[in-house]
Amino acid sequence: MRTALILLLLLGVAAIPGSLIPQRTQNPMAVREYFANDPTLASWFDRFSLFDVYGSPWFSAIYIMLFISLIGCVLPRSLEHLKLARALPPITPKNLNRMEFYRSWPGVGGEYDAGKSWLKKNRFRIREFDGALSAEKGYLRETGNLLFHLSLILILIGVSLGALFGMKGEAIVNVGERFVNIPTSYDSLSYGKLFT
């Protein structure tokens, strides 16, 4: 988890030049102007892919390491969570006095049944064993956390597939004009690296 947080911070820091320096994909005219005004600095920026930060190898490396770290954290936790969510609560320990906080008393009358019904009413998972009652709850909180992170993985997969196999086109269409979806109708058209 610590690695993922460090990589997330590194990704945020690595995105700063993409906000401050003009990018070829968004404003190629500003990049040409940069080369005209200061060719030495612009050539250094170009060597480090600062005019194409989000498509650079070093940004992709951070992104991929974060992606691998996220999968490495979430998938084992998801499998463990599924296993624990289906399991019964652990059996009540025989020596409760070894625990830091415990309370034990013999059931008088209907206390045992009243406690059991209260636990059920408050959505605890219950296990009865050898005259003792054990209960636990709180699995939905972890389920929400895991679903959030699994959805992030799905979004990252979608963005990656779109960048590799997709295409992006822009066209200015005036009111009343027709638009025909062919490559020559676009003002700018770019393809993903693996687009066929």
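Of the residues that sit in the range 167-196 and are loosely packed, with under 10 Cβ neighbours inside 10 Å and of a type in the set (S, T, N, Q), which one is nearest to ASN27 (Cα to Cα)?
Looking at residues that are loosely packed, with under 10 Cβ neighbours inside 10 Å and of a type in the set (S, T, N, Q), I get THR184.
Being over 30 Å from LEU75 (Cα atoms), in contact with a Lys or Arg (Cβ under 6 Å, 6 or more places away or on another chain) and crowded, with 17+ Cβ neighbours inside 10 Å narrows it down to one of PHE45, PHE51, so name that one.
The unique qualifying residue is PHE51.
Out of all the residues in the range 122-164, which are hydrophobic (A, V, I, L, M, F, W, C), touching a residue at least 12 places away in the same chain (Cβ under 8 Å) and over 18 Å from TYR63 (Cα atoms)?
PHE124, ILE126, PHE129, ALA132, LEU133, ALA135, LEU146
All but one of (1) of a type in the set (Val, Ile, Thr); (2) surrounded by 15 or more Cβ atoms within 10 Å (Cβ to Cβ); (3) more than 26 Å from the chain's Cα centre (by Cα) hold for THR25; which doesn't?
It fails just one condition, (3).
Given the options LEU75, LEU79, LEU20, LEU9, name the one that is within 15 Å of the chain's Cα centre (by Cα), loosely packed, with under 12 Cβ neighbours inside 10 Å and at pLDDT 90 or above.
Going through LEU75, LEU79, LEU20, LEU9 in turn, the sole match is LEU9.
Could you say which residue among LEU194, LEU189 is within 17 Å of SER56 (Cα to Cα), hydrophobic (A, V, I, L, M, F, W, C) and under 35 Å from the mean Cα position of the chain (by Cα)?
Answer to the check: LEU194.
Based on what the data block shows, is PHE148 modelled with pLDDT of 80 or more, among the aromatic types (Phe, Trp, Tyr) and within 35 Å of the chain's Cα centre (by Cα)?
Considered against the rule, which asks whether it is modelled with pLDDT of 80 or more, among the aromatic types (Phe, Trp, Tyr) and within 35 Å of the chain's Cα centre (by Cα), PHE148 comes out as yes.
When the residues of the range 70-102 are filtered to those that are of a type outside the set (A, V, I, L, M) and touching a helix residue (DSSP H, G or I) at 6+ places or on another chain (Cβ under 8 Å), which remaining residue is farthest from ILE6 (Cα to Cα)?
Among them, the one singled out is TYR102.
Among all residue pairs at least 6 apart or on different chains, which show Cβ distances below 7 Å where the first residue, located in the range 1-27, is closer than 27 Å to HIS149 by Cα and the second is small (Gly, Ala, Ser) and in a helix (DSSP H, G or I)?
Going by the 7 Å Cβ cut-off, the qualifying pairs are THR3/SER69; ALA4/SER69; LEU7/SER69.
Yes/no per residue for (1) surrounded by 12 or more Cβ atoms within 10 Å (Cβ to Cβ); (2) at positive phi:
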site	(1), (2)
GLY109	no, yes
ALA114	no, no
ARG123	no, yes
SER134	yes, no
PHE148	no, no
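The values are calculated or read from the model by the stated rules, or taken from the named source; none is laboratory data. Keep in mind it's a predicted model, so treat the numbers as computed, not measured. Note that we place each Cβ from the backbone using ideal geometry, even for glycine, and neighbour counts take in every protein chain shown.
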